[in-house]
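The values are calculated or read from the model by the stated rules, or taken from the named source; none is laboratory data. Owing to the predicted nature of the structure, the values given are computational and were not obtained by experimental measurement. For neighbour counting, all protein chains shown are included, and Cβ atoms are generated from backbone atoms with ideal geometry for every residue, glycine included.
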Amino acid sequence: MSGIRVILWKEMVDYFGSKRFLILFIIICLTGISVAYLASQNLGSFAHIPGEFLLLGFFISSAGSLPSFTFFVSFFGPLIGLILGFDAISGERSRGTISMVLSQPVFRDSLINGKFLAGLATIAVMFVSIFLIILGLGIWTLGFSPNLEEISRIGVYYLASVVYVGFWLSLGILFSILFRRTSSSALTSIMMWIFFTFFIYMIANVVADQIAPVAAVTTPEVVAKNEAIRRMILRISPAALFDQIATAVLNPSVRAFGFINPAQISGLLPTPLSLGQSLMIVWPEFVGLVALMLICFAVSYVVFMRQEIRSL
Amino acid sequence: MKSKKSLPILLVLAVLLISGFLFSNWQGAKAVQTERGFVLFFKYPSVTVARKEKIDLDFMVINTGKREEEVFLSIIPDKKAKDWNVGFETRWDKMQVHSVGLLTKEPDNSVTLRFYAIPPDNAKEGEYRFVVKGTSLDRKIQRSASLLIHLVQKGGVKEEVSKEIELTSDYPSMENPAGKDFKFAIKVKNNTDKPVVLDIGADFPYGWTAYCSPRWEEEKKISSIKVDEKQTENLLLTLTPPPTVSKGEYPIKFAVRSGEKVVTIDLKAIITGTYKLKMRTETGRLNLDAIAGKKENINVYLWNEGSAPVEDVSFFSLDTPKGWKVSFEPEKVSSVSPYQEVRKPDKVKISILPPPRTIPGDYMFTVRAAGKQDQTDMDLRVTVKRSTVWGWVGIGIVVVIIASLVGIFVKLGRR
């Protein structure tokens with residue numbers, strides 16, 4: 001295990017020291033803070049948020065043309081993970097340092113475990129700092145400290161963000177193992193990012209409209225079917241999963257996704273849900289995200305362990 | 001020629017002028033004469049009375065002139081009525097009156113006297129005539145008024161006339177549920193030709209409270225009333241039964257007293273009993289947690305705060321969300337007796353079953369217990385939660401993945 005720790009520290013030093021990471025981190029940090037700050041300047045958009053959850057507004061409110069913080073995380077978060085992971089192994093290979101490292105008394109699994117954990121730790125530290133800055137900005141603007149419910153909801157959201165970006169990190173590591181050249185690994189990663197965060201929504205809409213076209217005059221059944229197909233397709237995208245988790249966790253009044261029959265909500269009072277119940281709504285998505293991250297890592301682990309190093 | 005023709009015209013004119021002047025003078029003299037005058041009259045110049053009763057009649061003297069007058073009054077009975085004891089007296093303090101003084105301005109220009117006539121014991125039935133003469137002090141003006149008394153045997157007169165005070169009520173019997181006041185409207189009629197002052201009293205069951213007020217001024221509580229002659233006063237008797245009053249009929253006696261005479265009227269208050277169903281959960285909480293697809297029970301107490309049993313009480317739920325099943329055990333209670341009699345409430349178990357695919361959140365519906373006589377509502381709020389089964393399934397999946405990851409570590413590690 002000492003091998004993992006050495007690799008972990010070494011990798012983290014590399015990550016935090018690398019210029020491209022610093023630039024990316026500053027960009028994302030500034031964007032997140034400015035979004036939250038603009039939201040705080042536009043407190044009128046908080047009107048629909050119940051009083052006891054006002055601080056959550058800094059994460060979900062959008063100011064003017066700028067999207068909300070959650071959108072930035074779900075759209076640009078993958079980029080952080082991919083940048084941290086895409087050259088984890090292929091970079092070492094192209095620099096020819098991998099055989100040097102492995103000739104040291106370090107096990108091969110320590111290398112990949114250490115790289116993954118270092119990436120995850122970097123992501124965790126980065127998000128802690130961004131979240132704390134936003135929270136501080138929120139407390140400064142609103143003038144009261146967060147309550148336990150807000151803190152725990154933000155905590156769960158934080159956890160989900162780290163897992164989400166962690167998935168993209170493990171995907172990047174997988175590509176860095178699969179492709180020998182760093183540039184092809186990077187290109188594939190970017191392709192996956194654009195596909196899952198951008199194209200998948202278009203494809204889902206097109207497919208759903210092909211199978212169950214919604215005409216101007218239509219029945220609720222058709223609308224429900226269209227929505228169900230769309231959501232089914234979106235489910236393969238980690239970005240869509242994360243969007244749902246963020247919506248349910250940060251908005252206590254969200255109690256279901258998709259098409260709801262009005263009869264189902266007869267007698268329902270518009271009261272906020274407890275965190276446990278909010279989490280129960282998106283529990284499948286949460287489990288799916290964690291599973292995706294772990295499976296992706298497991299696959300890259302297996303592939304890396306079976307690779308012939310010396311031939312490289 | 002001209003002057004000769006005009007002479008007779010002038011003469012005629014002069015005559016007309018002089019005669020006009022004289023005439024106007026004469027008119028003036030006459031006005032001076034009519035400035036004095038008075039009238040005498042009986043309010044009821046012809047009456048029928050029973051024998052052996054004192055007859056009292058109003059008699060008025062009014063000054064119609066422009067000078068103060070003093071009028072001497074004398075009564076001249078006809079031959080048959082020589083033995084009658086007649087005279088005038090003041091209305092209130094019964095002084096004998098021989099002459100009246102009249103001023104010119106109201107209200108002192110008129111005097112109302114009481115003419116009294118007491119027939120002798122042996123007076124026969126028949127008509128008796130009296131003439132009243134009024135003479136001014138200087139004997140220049142004389143006026144007179146006549147009165148005809150028709151004397152009959154006692155009992156020949158109508159019964160009502162002999163009754164001096166009469167009490168009547170349009171609704172002498174009233175029905176009310178317990179807790180409501182009874183209000184009896186009572187008319188007091190004074191058949192005499194004197195105003196009377198009456199003391200008011202009532203006889204009612206123990207524990208009740210009562211007060212009397214003028215009919216249209218309920219906030220005034222009165223204990224006596226003055227009824228003018230031949231007038232009717234409207235009274236309102238308000239009775240408040242005690243809150244614990246039981247069903248039944250309660251007799252009430254309302255009485256007025258004037259001196260020795262007491263007049264009563266019997267009234268009846270009927271209490272029909274009250275019905276007040278009350279419902280409460282065992283713990284007092286009106287909310288409960290439920291899991292979608294699982295039955296949740298809540299115990300409810302039902303009792304009757306009224307005074308009479310509520311019959312045929314059944315339970316049902318209103319505004320129930322779609323697909324929910326709300327059942328009651330027992331479904332019906334044949335009778336809920338008043339709590340103060342049985343001293344224990346009825347226990348009802350409510351089972352609530354939200355459908356399996358309920359969207360989590362708070363739902364509200366109304367539970368109603370409705371009997372023949374009364375009903376009561378209770379709002380229940382149910383917080384539906386997701387079954388935690390799927391939560392554990394998810395955790396299981398993650399555990400399986402981690403376990404297989406560990407398996408891979410063990411199998412492939414340490415190369």
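Read through the list (1) modelled with pLDDT of 85 or more; (2) more than 27 Å from B:Ile62 (Cβ to Cβ); (3) surrounded by 13 or more Cβ atoms within 10 Å (Cβ to Cβ), then give the number of the only condition that B:Ser136 fails.
Checking B:Ser136 against (1) modelled with pLDDT of 85 or more; (2) more than 27 Å from B:Ile62 (Cβ to Cβ); (3) surrounded by 13 or more Cβ atoms within 10 Å (Cβ to Cβ), the one that fails is (2).
What's the number of the only condition in (1) over 19 Å from the mean Cα position of the chain (by Cα); (2) within 11 Å of chain B (Cβ to nearest Cβ) that A:Pro284 fails to meet?
So the condition that A:Pro284 fails would be (1).
Return the only residue of A:Ser161, A:Ser145 being of a type in the set (S, T, N, Q), under 29 Å from A:Leu275 (Cα atoms) and in a loop (DSSP other than H, G, I, E, B). Even if it seems obvious, please write down each step before you answer.
Values: A:Ser161 fails: in a loop (DSSP other than H, G, I, E, B).
Within the list A:Ser161, A:Ser145, the selection yields A:Ser145.
Count, please, the residues in segment A:258-281 that happen to be free of Cβ contacts under 8 Å to residues at least 40 places away in the same chain and more than 10 Å from every other protein chain (Cβ to nearest Cβ).
Residues that pass the stated criteria total 2.
Residue pairs, Cβ under 6 Å, 6 or more apart or interchain, first in segment A:15-31 and touching a residue at least 24 places away in the same chain (Cβ under 8 Å), second among the polar types (S, T, N, Q). List them.
What qualifies is A:Tyr15/A:Thr122.
Are any residues in segment A:146-183 small (Gly, Ala, Ser) and within 13 Å of A:Ile89 (Cβ to Cβ), and if so, which ones? Talk me through it step by step, then tell me what you get.
Looking only at segment A:146-183, we keep the residues that are small (Gly, Ala, Ser), and these are A:152, A:155, A:160-161, A:166, A:170, A:172, A:176, A:183.
Matches in segment A:146-183: A:Ser170, A:Gly172, A:Ser176.
Output yes when any residue across segment A:275-290 is under 28 Å from A:Glu149 (Cα atoms), in contact with a strand residue (DSSP E or B) (Cβ under 9 Å, 6 or more places away or on another chain) and surrounded by fewer than 21 Cβ atoms within 10 Å (Cβ to Cβ), and no when none is.
Residues of segment A:275-290 under 28 Å from A:Glu149 (Cα atoms): A:275-290.
With the extra rule that they be in contact with a strand residue (DSSP E or B) (Cβ under 9 Å, 6 or more places away or on another chain), the set shrinks to A:276-277, A:280.
So of that shortlist, the ones also surrounded by fewer than 21 Cβ atoms within 10 Å (Cβ to Cβ) come out as A:276-277.
Yes, the conditions are met somewhere in segment A:275-290.
Tell me yes or no: at least one residue of segment B:82-99 is closer than 30 Å to B:Glu125 by Cα, assigned to a strand (DSSP E or B), modelled with pLDDT under 85 and among the small types (Gly, Ala, Ser).
There is no residue in segment B:82-99 that is closer than 30 Å to B:Glu125 by Cα, assigned to a strand (DSSP E or B), modelled with pLDDT under 85 and among the small types (Gly, Ala, Ser).
Every residue in segment B:373-415 that is surrounded by 13 or more Cβ atoms within 10 Å (Cβ to Cβ) and more than 10 Å from chain A (Cβ to nearest Cβ), please.
B:Gln373, B:Asp374, B:Gln375, B:Thr376, B:Met378, B:Leu380
Out of the residues in segment B:292-350 that are of a type in the set (Asp, Glu) and assigned to a strand (DSSP E or B), state the one that is nearest to B:Trp390 (Cα to Cα). First the steps, then the outcome.
Taking segment B:292-350 and keeping what is of a type in the set (Asp, Glu), we get B:296, B:305, B:311-312, B:319, B:329, B:331, B:341, B:346.
Restricting the remaining residues to those that are assigned to a strand (DSSP E or B) gives B:296, B:311-312, B:329, B:346.
Values: B:Glu296: 20, B:Glu311: 48, B:Asp312: 45, B:Glu329: 32, B:Asp346: 40 Å.
So, considering only residues that are of a type in the set (Asp, Glu) and assigned to a strand (DSSP E or B), the one nearest to B:Trp390 (Cα to Cα) is B:Glu296.
Kindly indicate whether any position in segment B:304-319 is touching a Leu at 6+ places or on another chain (Cβ under 9 Å) and within 14 Å of another protein chain (Cβ to nearest Cβ). So that I can check it myself, show each step before the final result.
Kept after step one, since they are touching a Leu at 6+ places or on another chain (Cβ under 9 Å), are these residues of segment B:304-319: B:304-306, B:310, B:313, B:315, B:317.
After this cut, where a residue has to be within 14 Å of another protein chain (Cβ to nearest Cβ) as well, the list is B:317.
Yes, that holds for at least one residue.
For the list (1) more than 16 Å from A:Gly57 (Cα to Cα); (2) more than 11 Å from chain B (Cβ to nearest Cβ); (3) surrounded by fewer than 22 Cβ atoms within 10 Å (Cβ to Cβ), I need the number of the one condition that A:Leu241 fails.
So the condition that A:Leu241 fails would be (3).
Which residues, taken from segment B:381-396, are part of a helix (DSSP H, G or I) and among the hydrophobic types (A, V, I, L, M, F, W, C)?
Here is the first cut: in segment B:381-396, the residues part of a helix (DSSP H, G or I) are B:389-396.
Within segment B:381-396, B:Val389, B:Trp390, B:Trp392, B:Val393, B:Ile395 qualify.
Residue under question is B:Arg343, and the condition is that it be more than 14 Å from chain A (Cβ to nearest Cβ), within 47 Å of the chain's Cα centre (by Cα) and at positive phi; does it hold? So that I can check it myself, show each step before the final result.
Details: more than 14 Å from chain A (Cβ to nearest Cβ): yes; within 47 Å of the chain's Cα centre (by Cα): yes; at positive phi: yes.
Considered against the rule, which asks whether it is more than 14 Å from chain A (Cβ to nearest Cβ), within 47 Å of the chain's Cα centre (by Cα) and at positive phi, B:Arg343 comes out as yes.
Considering A:Met192, A:Met202, which residue is over 18 Å from A:Pro284 (Cβ atoms) and free of Cβ contacts under 8 Å to residues at least 12 places away in the same chain?
Details: A:Met192 fails: free of Cβ contacts under 8 Å to residues at least 12 places away in the same chain.
It is A:Met202.
Out of curiosity, is B:Lys261 of a type outside the set (Ser, Thr, Tyr) and either closer than 30 Å to B:Asp58 by Cβ or surrounded by 13 or more Cβ atoms within 10 Å (Cβ to Cβ) (or both)? Give the steps one after another, and end with the answer.
On the way: of a type outside the set (Ser, Thr, Tyr): yes; either closer than 30 Å to B:Asp58 by Cβ or surrounded by 13 or more Cβ atoms within 10 Å (Cβ to Cβ) (or both): yes.
Criteria met by B:Lys261.
Tell me, yes or no, whether segment A:204-227 has at least one residue that is farther than 26 Å from B:Ile291 by Cβ, of a type in the set (Gly, Ala, Ser) and surrounded by fewer than 16 Cβ atoms within 10 Å (Cβ to Cβ).
Here is the first cut: in segment A:204-227, the residues farther than 26 Å from B:Ile291 by Cβ are A:204-223, A:225-227.
Now restrict to residues that are of a type in the set (Gly, Ala, Ser): A:204, A:208, A:212, A:215-216.
With surrounded by fewer than 16 Cβ atoms within 10 Å (Cβ to Cβ) added as a condition, the list becomes A:215-216.
Yes - at least one qualifying residue is present in segment A:204-227.
B:Ser337 passes all but one of (1) of a type in the set (Gly, Ala, Ser); (2) within 12 Å of chain A (Cβ to nearest Cβ); (3) under 17 Å from B:Lys278 (Cβ atoms); which number fails?
Unmet for B:Ser337, out of (1) of a type in the set (Gly, Ala, Ser); (2) within 12 Å of chain A (Cβ to nearest Cβ); (3) under 17 Å from B:Lys278 (Cβ atoms): (2).
Being crowded, with 17+ Cβ neighbours inside 10 Å, more than 10 Å from chain B (Cβ to nearest Cβ), in contact (Cβ under 8 Å) with a residue 24 or more places away in the chain and over 16 Å from the mean Cα position of the chain (by Cα): is that true of A:Arg255 here? Please lay out each step first, then the result.
Numbers: crowded, with 17+ Cβ neighbours inside 10 Å: yes; more than 10 Å from chain B (Cβ to nearest Cβ): no; in contact (Cβ under 8 Å) with a residue 24 or more places away in the chain: yes; over 16 Å from the mean Cα position of the chain (by Cα): yes.
Considered against the rule, which asks whether it is crowded, with 17+ Cβ neighbours inside 10 Å, more than 10 Å from chain B (Cβ to nearest Cβ), in contact (Cβ under 8 Å) with a residue 24 or more places away in the chain and over 16 Å from the mean Cα position of the chain (by Cα), A:Arg255 comes out as no.
Filter segment B:150-169 for residues that are surrounded by 12 or more Cβ atoms within 10 Å (Cβ to Cβ), closer than 27 Å to B:Ala255 by Cβ and at pLDDT below 80 and give the result.
In the first step, residues of segment B:150-169 are kept if they are surrounded by 12 or more Cβ atoms within 10 Å (Cβ to Cβ); the result is B:150-152, B:156-157, B:161-169.
Those left that are additionally closer than 27 Å to B:Ala255 by Cβ: B:157, B:161-169.
Matches in segment B:150-169: B:Val157, B:Val161, B:Ser162, B:Lys163, B:Glu164.
Has segment A:111-133 got at least one residue that is in a helix (DSSP H, G or I), over 22 Å from the mean Cα position of the chain (by Cα) and polar (S, T, N, Q)? Quick ask: steps written out before the conclusion?
Looking only at segment A:111-133, we keep the residues that are in a helix (DSSP H, G or I), and these are A:111-133.
Those left that are additionally over 22 Å from the mean Cα position of the chain (by Cα): A:111.
Adding the requirement that they be polar (S, T, N, Q) leaves none.
No, because not a single residue in segment A:111-133 is in a helix (DSSP H, G or I), over 22 Å from the mean Cα position of the chain (by Cα) and polar (S, T, N, Q).
Would segment B:204-223 turn up any residue that is touching a Lys or Arg at 6+ places or on another chain (Cβ under 6 Å) and in a loop (DSSP other than H, G, I, E, B)?
No.
May I ask you to verify whether B:Phe72 is at pLDDT 80 or above, assigned to a strand (DSSP E or B) and surrounded by 15 or more Cβ atoms within 10 Å (Cβ to Cβ)? Explain how you work it out, then say what you get.
Details: at pLDDT 80 or above: yes; assigned to a strand (DSSP E or B): yes; surrounded by 15 or more Cβ atoms within 10 Å (Cβ to Cβ): no.
Against the criterion (at pLDDT 80 or above, assigned to a strand (DSSP E or B) and surrounded by 15 or more Cβ atoms within 10 Å (Cβ to Cβ)), B:Phe72 does not qualify.
May I ask you to list the residues in segment A:80-105 that are in a loop (DSSP other than H, G, I, E, B) and closer than 25 Å to A:Ser185 by Cα? First the steps, then the outcome.
Of segment A:80-105, the ones in a loop (DSSP other than H, G, I, E, B) are A:86-89, A:96-97, A:104-105.
Listed by number, the residues that qualify are A:Phe86, A:Asp87, A:Ala88, A:Ile89, A:Gly96, A:Thr97.
Got a sec? Which of B:Lys226, B:Lys183 is touching a residue at least 12 places away in the same chain (Cβ under 8 Å), more than 30 Å from B:Glu341 (Cα to Cα), among the basic types (Lys, Arg) and part of a strand (DSSP E or B)? Full working, then the answer.
Values: B:Lys183 fails: more than 30 Å from B:Glu341 (Cα to Cα).
Within the list B:Lys226, B:Lys183, the selection yields B:Lys226.
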